[in-house]
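Okay, structure first, notes after.
The values are calculated or read from the model by the stated rules, or taken from the named source; none is laboratory data. Because the structure is a prediction, the values reported are computed rather than measured. Note that we place each Cβ from the backbone using ideal geometry, even for glycine, and neighbour counts take in every protein chain shown. These area figures cover heavy atoms from the full protein model, side chains too; ligands, DNA and RNA do not enter into them. Shrake-Rupley method; radii C 1.70, N 1.55, O 1.52, S 1.80 Å.
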Amino acid sequence: MEFSEQKIGEQFQEETKYARSPHWPISSAKKSLPRPLKPSSPQLISLSQPHLDNGPNLWKVLLHRRSIREYSQVPLSLEELSNLLWATQGITAKASLPWYRTAPSAGALHPIDSYLVVNRVERLEPGIYFLRVQDFSLEVKNKGDFSRQIAQAALDQQMAQAAAVVFVWVGVIRRCRQKYRQRAYRYVYLDCGHLGQNLYLAATAMNLGCCGIAAFYDDEVNELVGVDGHEETAIYLATVGRKESSSNTCLQ
Ligand SMILES: Cc1cc2nc3c(=O)[nH]c(=O)nc-3n(C[C@H](O)[C@H](O)[C@H](O)COP(=O)(O)O)c2cc1C
């Protein structure tokens, strides 16, 4: 029966959530979060394709990859953000369906959606954006400064407030469960890990700082980006920003 088949996966999802409580992990009153708007005709921002011949040697990038948690206040350019998004979810082969991307995905189902909390990116107003992979553009979800909310939702990790942008990867469970049933709950996390490493490597290659974040209050992040937390739920976050000059490493 479909319900009992799904039980353990959903139980796993629910019972591994962080939620604010007086006991664990950090007590503080739940902050009121703005409800994202869902515009009927979305405002779109086109992204640029990367210049594939530029960049340092892959082996040096692997050698220098590090989690960087301190960022300067200098914004990212929209081109840099485009490169990071392409590295995580860019389409690389359109010959036939499914379209293939820079990161692998079980059954090429690609169950991860990318949301961004933009704090400081040139030519983008601060706010919450959604990556439309098919036409490589950003859809505006909600304009405003959400830097404090995303840091609070990330167990008060200040790097999320200081970062130029916070990636929020949301698992659209149904997309994978239709084929793989309970096994899908593993694959969604594995797929997301691939996106995370691609982002780390692209950021390193571009001399930017990056840090993965899996410690967050699930419901608060879900509410911030406007997903239900069950069929669509935040899996992993990552911050990116310009490094402080003291931690610069030039790879070229
Ligand atoms: C799944 C995952 C979750 C992580 N969550 C956090 C986090 O919430 N906060 C944080 O500061 N670092 C986080 N990190 C970064 C790790 O702390 C970091 O990778 C580790 O200390 C090793 O350092 P390195 O990445 O520089 O090699 C996370 C990394 C991974 C892979």
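Points worth noting:
- Pairs exceeding 27 Å between alpha-carbon atoms, taken from LYS143/LYS243; LYS94/LYS143; LYS17/LYS179; LYS94/LYS243; LYS94/LYS179: LYS94/LYS143; LYS94/LYS243.
- Spin-label pair LEU58/GLN182, simplified geometry with 7 Å Cα→Cβ offset, distance in nm: 3.7
- Positive-pole candidate from VAL140, LEU97, SER114, dipole of the stretch 90-157, charges at beta carbon: LEU97
- Dmax and Rg, reported as Rg then Dmax, of the chain (C-alpha, Å): 17.9, 58
- If only the Cβ of Lys and Arg carry +1 and only the Cβ of Asp and Glu carry -1, the dipole of the stretch 154-252 around its Cα centre is close to 620 debye.
- When the solvent-accessible area of the chain is split by element, carbon and sulfur atoms take up 53 percent of it, the probe being 1.4 Å.
- With protein chains left intact and a 1.4 Å probe, residues in the chain average 50 Å² of accessible area per residue.
- Highest-MSF residue in the chain out of LYS94, LYS141, LYS60 [GNM, Cα springs under 10 Å]: LYS94
- For the stretch 35-134, the gyration tensor built on C-alpha atoms gives an oblate shape. Its axis ratio a/c (a ≥ b ≥ c) is at least 1.5, and a/b is not larger than b/c.
- Probe 1.4 Å, all protein chains present, accessible-area order of THR102, THR88, THR16, largest first: THR16, THR102, THR88
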